[in-house]
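Worksheet: the structure to be examined is printed underneath.
The values are calculated or read from the model by the stated rules, or taken from the named source; none is laboratory data. A quick note: this is a predicted structure, and the numbers were derived from the prediction, not measured. Counting neighbours? That spans all protein chains shown, and the Cβs are built from the backbone with ideal geometry, glycine included.
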Amino acid sequence: MGKNSLMIRLIDVVFILLFGFIAISQIGISAAIEPPKSAEAEQSGPDAPIEVIVGVSRDGSYPVDAGNRVLSDIRELKSYLSNKMAEAAAQGVPLGVRIRAAWDSPVEHSLAVARLCRELGIPKGLDVIKMQME
């Protein structure tokens, strides 16, 4: 036997061990995994920032107030966010916008909201989620 045959046998042993560990390991369901919690999102009290969630649907409308109100264009959204900024300023707390785009909405609608937030000086975040839009 040559030197190469010993190396092949060691590789075979390693692969057998690897497949054995894979076969006996447990694979969990993704639904059982708890997503991490954000400490920023759990702020409460008088100094907690106001977070406005703006949905972006595929037809270019913007659901706000948990979907109870739908704004048809960016001008209505600008007016809505300006009013929210005034409310936050009156309370002395910062305002933030969370943009929640449907997975099938065109990206230009989300970018329009992001540009509007930059124009108004509002910090923003973007989430892309699969949501049921009617």
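Data overview
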quantity: Extreme residue, farthest from Ser105 (Cα to Cα), among residues of region 61-83 that are of a type in the set (Gly, Ala, Ser) and exposed (fewer than 15 other Cβ atoms within 10 Å of the Cβ); calculated: Ser82
quantity: Meets criteria (over 28 Å from Pro106 (Cβ atoms), of a type outside the set (A, V, I, L, M, F, W, C) and modelled with pLDDT under 65) for Pro94; calculated: no
quantity: Pairs, first surrounded by 15 or more Cβ atoms within 10 Å (Cβ to Cβ) in region 103-131, second at pLDDT 85 or above and of a type in the set (Asp, Glu), C-beta under 7 Å, six or more apart; calculated: none
